[in-house]
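Asks: Right, I'll just put the structure down here and ask away after.
The values are calculated or read from the model by the stated rules, or taken from the named source; none is laboratory data. All figures in this text were calculated on a predicted structure; none of them were measured in a lab. When we count neighbours, we look across all protein chains shown, and the Cβ atoms used for this are built from the backbone with ideal geometry, even at glycine. The area values use the complete protein model at the heavy-atom level, side chains included, leaving out ligands, DNA and RNA. Shrake-Rupley method; radii C 1.70, N 1.55, O 1.52, S 1.80 Å.
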Amino acid sequence: MQDAVASAAGEEETDAFILWVLIWSELAAFGVLIGAFLVASIVSPEDFAVARLHLKPGIAALNTLVLLTSGWQAAVAAGKGASTAKKRRALVIAALLGFLFVAIKFYEYGTELRFAGEDAFQSFFELYFLLTGFHLVHVAFVGVVLLLVAWKPRPANVDLATTLWHVIDLVWIVMFPVLYLA
Amino acid sequence: MSDRSPKQLMRTWIFLLGMVLLGMLLARELHDTTVPLGFALALLLLAVLKARLVVLDFLGMRFGPRPLRNGLLAWPSFFALAAAAKALIGAVSLVG
């Protein structure tokens, strides 16, 4: 019995370790892209400043509200003492808000694409689409994971999925002013 | 896992929404290619504060392992500082 408990605890520690390795590798990858964007904006300040005027910070701010609300629901799902039904509901809401984020982002892309072909803005939009697209894939993928976890919300799985979700949220919070405003 | 109660989580969410709305109000004044330095710094500060609440309350790191918490708080701060430095370079080159 004691061996089984020790083994389960060991497995959970390994899961948590692998999760944090994954998270830091994601943060490193996003960090490189954000760094590249900042360096490129120092190299071509005029082109970047003009290209930025074609973005829609209002839509991006709306998406920030959506993602933060989703993060709140994910935190509720992972909170202590939440019943299975409450976890399930919160995870589904978090995932659906994630998909709403994706839909809004596609709409925003639709308004920006026509400027991406202009030579002066090429470097800006390459980095912009790479960075936001990479983030968008994460939102869509982990949104599906949240739905799968909601089906059978085992505490360990809820913790893993919601932790990853908050980190994706964290990345967006940093990307938003860097890409759109500052 | 978050160690906050549902009520505390809701309070954090309301704070976060308030900061986003404040940022939106500030952003309404932006119609030019030149972003004023103070404006850029205010938006970056808001981003760091938002990231701090997400890490401490949503991610449950308020009482979590210190190295992990510090690392997660340092990541957004580092990029906000880098963006602030870029804004400062832009402002100085405009004056020059």
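Asks: If DNA, RNA and ligands are ignored and the probe is 1.4 Å, what is the ranking of B:ILE89, A:ILE23 by accessible area, most exposed first?
Replies: Descending order: B:ILE89, A:ILE23.
Asks: Around A:ASP47, what is the net charge, scoring Lys/Arg as +1 and Asp/Glu as -1 over all other residues with Cβ under 14 Å from its Cβ?
Replies: So the environment of A:ASP47 carries a net charge of -3.
Asks: Can you check what the net charge comes to around A:ASN63, using other residues whose Cβ is under 13 Å from the Cβ of A:ASN63 (Lys, Arg +1; Asp, Glu -1)?
Replies: With Lys, Arg at +1 and Asp, Glu at -1, the net is 0.
Asks: Sum up the lysine pairs in chain A that clear both bars: alpha-carbon distance under 28 Å and a spacing of 8 or more or different chains.
Replies: Final tally of qualifying lysine pairs is 5.
Asks: What does the helix-only formula give at 222 nm for chain B: each DSSP H stretch with n ≥ 4 adding -39500 (n - 2.57), the total divided by the residues, and the result rounded to the nearest 500 deg cm²/dmol?
Replies: -25000 deg cm²/dmol, from helical runs alone.
Asks: Take the Cα pairs of the range A:64-152, get the Kirkwood Rh, then feed it into Stokes-Einstein at 4 °C and 1.567 mPa s and tell me D in µm²/s.
Replies: D, rounded to a whole number, is 90 µm²/s.
Asks: Mind listing the long-range amide H neighbours of B:GLY60? Cut-off is under 5 Å, sequence gap 5 or more, other chains count too, H placed in the peptide plane at 1.01 Å from N.
Replies: For B:GLY60, whose amide H was placed from the backbone, the distant partners under 5 Å are B:ASP3.
Asks: Under a Cβ-Cβ cut-off of 15 Å, what is the net charge of the residues other than A:ASP15 that fall near it, where Lys and Arg count +1 and Asp and Glu count -1?
Replies: Net charge in that neighbourhood comes out at -3.
Asks: Under the classification rounded if a/c is under 1.5, otherwise prolate if a/b is larger than b/c and oblate if not, where does the protein assembly as shown fall, given a ≥ b ≥ c as square roots of the Cα gyration tensor eigenvalues?
Replies: Prolate, because a/c is 1.5 or more and a/b exceeds b/c.
Asks: In nm, give the distance between the simple-model label positions of A:LEU53 and A:PHE115, each being 7 Å from the Cα along the Cα-to-Cβ direction.
Replies: Here the modelled spin labels are 0.9 nm apart.
Asks: In Å², nearest 100, what accessible area do chains A and B bury in total when the solvent probe is 1.4 Å?
Replies: Counting both chains, the buried surface is close to 3600 Å².
Asks: Can you pull the semi-axes for the range B:44-96, root of five times each eigenvalue of the Cα gyration tensor, sorted largest first, whole Å?
Replies: So the equivalent ellipsoid measures 30, 10, 5 Å along its semi-axes.
Asks: In the Gaussian network model of chain A, springs joining C-alpha atoms below 10 Å, which of A:GLY133, A:GLY110, A:GLY98 carries the largest mean-square fluctuation?
Replies: A:GLY110
Asks: Additional query: Heavy atoms only, probe 1.4 Å: what % of the accessible area of chain B goes to carbon and sulfur, would you let me know?
Replies: Of the solvent-accessible surface of chain B, carbon and sulfur hold 70 percent.
Asks: Of the accessible area of chain A, with the probe set at 1.4 angstrom, what percent is carbon plus sulfur?
Replies: Percent of accessible area from carbon and sulfur atoms in chain A: 69.
Asks: Sticking with this structure for a sec: Take the eigenvalues of the Cα gyration tensor for the range A:52-100, scale each by 5, and report the square roots as semi-axes in whole Å, largest first.
Replies: Over the Cα atoms of the range A:52-100, the ellipsoid semi-axes are 29, 9, 5 Å.
Asks: Turning to a different aspect of this structure: Span-like helices, chain A: DSSP H, alpha-carbon axial extent 30 Å or more, mean Kyte-Doolittle -1.0 or greater, which ones?
Replies: Taking the DSSP H segments of chain A (at least 30 Å long, mean hydropathy at least -1.0), we get A:2-43, A:57-78, A:84-116, A:122-151, A:155-176.
Asks: Roughly how many Å² of B:SER77 are accessible to a 1.4 Å probe, to the nearest 10?
Replies: For B:SER77, the solvent-accessible surface is approximately 40 Å².
Asks: Okay, moving on. Percentage of Cα-Cα pair distances in chain B greater than 16 Å, rounded to whole percent?
Replies: That tail contains 62 percent of the Cα-Cα pairs.
Asks: For the range B:35-44, in order, what is each residue's ³J(HN,Hα) by Karplus, 6.51 cos²θ - 1.76 cosθ + 1.60 with θ = phi - 60°, in whole Hz (x at glycine and Pro)?
Replies: 8, x, 4, x, 5, 4, 5, 4, 5, 5
Asks: Then there is this: Where in the range A:1-107 are there trypsin sites (Lys or Arg not before Pro) that are in a DSSP coil and have at most 14 other Cβ atoms within 10 angstrom of their Cβ?
Replies: A:LYS80
Asks: List, by residue number, every residue in the range B:1-27 with a reduction of 30 Å² or greater in accessible area between the chain on its own and the complete protein assembly, 1.4 Å probe.
Replies: Correct list: B:MET1, B:SER2, B:PRO6, B:LEU9, B:TRP13, B:LEU17, B:VAL20, B:MET24.
Asks: I've got another one for you. Please determine, in degrees from 0 to 90 and to the nearest 10, the orientation of helix B:6-27 with respect to the longest principal axis defined by the Cα atoms of chain B, where the helix direction is its Cα long axis.
Replies: Compared with the principal axis, the helix lies near 10 degrees.
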